[in-house]
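Structure first, then comments.
Each reported figure results from applying straightforward, stated rules to the coordinates on display, with no laboratory input. Keep in mind that what you see is a predicted model, and the values were worked out from it rather than measured. Note: ideal-geometry Cβ built from the backbone for every residue, glycine included; neighbour counts use all protein chains shown.
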Amino acid sequence: MNFPKHLMYSKTHEWVEKINETTARVGLTQYAQDELGDLVFVNLPAVGDAVTEGHSFGDVESVKAVSDIFSPVTGKVAAVNEELLDAPQKINEDPYGAWMVEVKDITAFGELLDDICYAAYCEAAQDA
Amino acid sequence: MGSYIPSTGEQRRQMLQAVGVNSIEELYTDVPAEIRFHPLDLPQGKTELEVSAAMRGIAAKNHVFGSIFRGAGAYDHYIPAIVRRIVAKEEFVTAYTPYQAEISQGILQSIFEYQTMICELTGLQAANASVYDGATAAAEAVTMCRERGRERVLISAGVHPAVRSTVQTYCDGVEVPVVEVPLQDGKTDAVALQGLLGDTDACLILQQPNYYGNIEDAAALGQLVHAAGAKFIMSVNPIAAGLLCSAAECGADIAVGEGQPLGMPLSFGGPYLGFMACTAVLTRRLPGRIVGETVDSRGGRCYVLTLQAREQHIRREKASSNICSNEALCAMTATAYLAAVGPGGLKQAAELSAAKAHYLAQRLCELPGFSLRYPSPFFHEFVTTCPVPPQQLMDALEEADILGGLPTGEGILWCATEKNTKQQIDRLIEVVGKVAR
């Protein structure tokens with residue numbers, strides 16, 4: 001499993017790329033897309049929406065299930081990756097390139113792990 | 001049922017022996033005696049003859065009229081004999097929900113064909129497996145259109161009162177305001193609509209033909225709706241769809257309607273059939289079941305319930321609709337009817353209905369005190385004034401075994417279909433003429 005060093009990770013399997021102190025991009029980790037299987041649809045928030053750390057801001061749909069995506073930060077949606085609406089499989093193909101939302105005016109970050117801790121966390125989850 | 005043959009006493013004895021017990025009761029030894037089934041205090045069962053007589057007695061309370069000139073949402077159309085024959089096949093009557101595709105190919109294929117026909121009828125790209133009735137379909141279509149920032153619903157006053165009431169119920173539940181667009185000369189008032197349309201409107205629902213029988217300027221109204229960024233829902237009569245411009249041609253984003261005229265008898269109000277179709281881009285918002293075509297492991301064509309992640313049993317509280325059923329047998333009926341009559345037959349049923357209604361209107365208006373309430377072109381229903389109290393007219397017609405038009409606040413709403421003969425119409429005129437004198 002690949003977990004890029006420059007990213008931070010949530011326990012609900014989202015990655016966070018800090019652009020500056022109050023702006024970040026969010027996506028799903030390789031572990032998440034692997035567990036979910038082939039994605040067929042993505043429900044993303046609208047630009048301007050408020051997101052809260054730990055709360056769902058959208059969901060992804062595979063053939064048999066729907067899974068919430070939890071925001072790792074508190075802030076406002078600055079941009080949404082519209083490409084994913086027509087091509088949700090990009091999340092499976094390139095989880096770290098397929099960012100979902102860009103959040104600005106960030107006032108809080110949730111509990112985030114570095115790549116080493118996250119890798120250990122995933123391994124423990126698999127063994128459980 | 002032909003395929004069900006109960007096991008004989010000897011077969012049962014052999015089965016019991018195979019599992020090592022002497023009687024069926026022995027299989028229930030784990031169930032405490034005090035909670036085992038005890039005979040209930042019910043009267044003795046009746047014989048088949050007694051039951052038939054009892055049911056006939058109840059049915060006899062219903063007056064089944066010799067000729068019917070009333071519509072208002074449910075229509076007495078010709079049902080080819082083959083329709084009932086096909087629908088009565090036990091494989092269709094007893095088929096349950098097709099969630100297990102491996103053993104449901106027959107019913108899945110029939111639903112797929114139904115969906116295809118609904119797309120052909122409306123001109124739109126996607127259809128679902130049906131919902132309970134036309135009113136449900138309209139209300140679900142409204143739910144499809146609601147999105148953030150667009151939470152107000154416009155509905156034409158020409159939509160059937162029961163449909164408007166159902167839409168109101170759905171909207172009340174989520175505190176969405178419903179605004180009625182008034183009629184002008186029996187058709188939706190375009191000027192009023194333009195005045196009402198704003199950028200917080202989700203949709204307009206228009207009925208074609210409308211409740212009073214009038215043919216709406218659907219395409220023009222649709223353009224106004226789209227210009228305001230809202231969606232255009234058309235509730236269409238499926239027989240009229242064989243003659244009028246299709247919903248797609250009028251710019252509808254969603255087409256819904258009551259499918260009863262497609263081979264279902266009046267049945268004192270149900271079961272009926274709600275059909276729904278939409279543009280490709282709205283497919284994921286369609287509620288209920290959708291059957292898709294795919295290939296099996298050997299590359300052969302097969303069918304399956306698809307896009308199931310929309311549905312309530314997977315999406316739970318996040319589902320946009322809690323509908324998880326369809327009217328499979330009624331959809332089968334509509335499919336059999338449309339296959340039996342074909343596009344040519346459907347058009348003919350529509351043309352005859354319109355022709356008979358216009359003949360009826362012409363003859364009624366020859367009688368003193370009867371005139372058309374609205375100047376607009378109509379399909380197979382129209383409203384007239386009435387020179388006597390409507391109930392008096394209805395009573396006289398009932399005595400002649402005729403169900404007359406529906407008395408409404410605007411006048412009497414008459415209807416004629418391909419089933420009404422010239423003789424029936426002339427007889428009605430004779431009876432009405434005597435009353436109106």
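Short-range pairs are left out: with C-alpha atoms under 8 Å and at least six residues apart, the relative contact order of chain A is 31 percent.
Across the options B:238, B:297, B:223, the greatest Cα extent toward the positive end of the charge dipole of the range B:81-335 (unit charges at beta carbon of Lys, Arg, Asp, Glu) belongs to B:297. Using a Gaussian network model of chain B with C-alpha springs under 10 Å, which one of B:411, B:345, B:45 is most mobile by mean-square fluctuation? Sorting by GNM fluctuation, first place goes to B:45. Structure shown: which of A:18/B:231; A:11/B:318; B:61/B:419; B:187/B:419 lie over 29 Å apart, alpha-carbon to alpha-carbon? From A:18/B:231; A:11/B:318; B:61/B:419; B:187/B:419, over 29 Å: A:18/B:231. Using Cβ point charges alone (K and R +1, D and E -1), the dipole size of the range A:8-121 about the Cα centre works out to roughly 200 debye.
When the Gaussian network model of chain A links Cα atoms closer than 10 Å, the mean-square fluctuations of A:86, A:68, A:94 top out at A:86.
Placing +1 on the Cβ of every Lys and Arg and -1 on the Cβ of every Asp and Glu, with no other charges, gives the protein assembly as shown a dipole of roughly 1880 debye about its Cα centre.
One decimal place: the segment residue B:82-residue B:10 gains 21.8 nm when fully extended, by the rule 0.36 nm per residue minus the C-alpha distance.
What FRET efficiency would be calculated for the residue pair residue B:24, residue B:325, taking the C-beta separation as r and a Förster radius of 25 Å, to the nearest 0.05? The pair residue B:24/residue B:325 has a calculated efficiency of 0.15. Defining a contact as two alpha carbons under 8 Å apart and six or more residues distant in sequence, what relative contact order in percent does the range B:81-335 show? Over the range B:81-335, the number comes to 28 percent. Here, chain B has an Rg and a Dmax of 25.7, 86 Å when only alpha carbons are counted.
Distance between Cα centroids, the range B:93-134 to the range B:174-250: provide it in whole Å. Taking the Cα centre of each part, the range B:93-134 and the range B:174-250 sit 27 Å apart. The per residue volume of the convex hull around the alpha-carbon atoms of the range B:274-415 is 215 Å³. Taking the Cα centre of the range B:57-145 as reference, the dipole from Cβ charges on Lys and Arg (+1) and Asp and Glu (-1) amounts to some 420 debye. Projecting each Cα onto the charge dipole of chain B (Lys/Arg +1, Asp/Glu -1 at the beta carbon, about the Cα centre), which of B:409, B:132, B:423 comes out farthest on the positive side? It is B:423. Extension gain for residue B:42 to residue B:194 (0.36 nm times residue separation, less C-alpha to C-alpha distance): 48.3 nm. Legend: P(r) of the range B:81-335 from all alpha carbon pair distances, 5 Å bins from 0, whole percents, reading 1, 6, 14, 18, 19, 16, 11, 7, 4, 2, 1, 0, 0.
Add -39500 (n - 2.57) for each DSSP H run of 4 or more in the protein assembly as shown, then divide by its residues: what number comes out at 222 nm, to the nearest 500 deg cm²/dmol? Value at 222 nm, helices only, nearest 500: -10000 deg cm²/dmol.
Calculated translational diffusion coefficient of chain A (20 °C, 1.002 mPa s; Stokes-Einstein with Kirkwood radius over alpha-carbon pairs) equals 148 µm²/s.
Taking the charge dipole of chain A about its Cα centre, with +1 at Lys and Arg Cβ atoms and -1 at Asp and Glu Cβ atoms, the residue from A:119, A:30, A:106 reaching farthest to the positive side is A:106.
Scoring B:116-127, B:319-330 by mean Cβ neighbours within 10 Å over their residues and listing the highest first yields B:116-127, B:319-330.
Considering only the Cα atoms of the protein assembly as shown, their convex hull presents on average a projected area of 36.7 nm².
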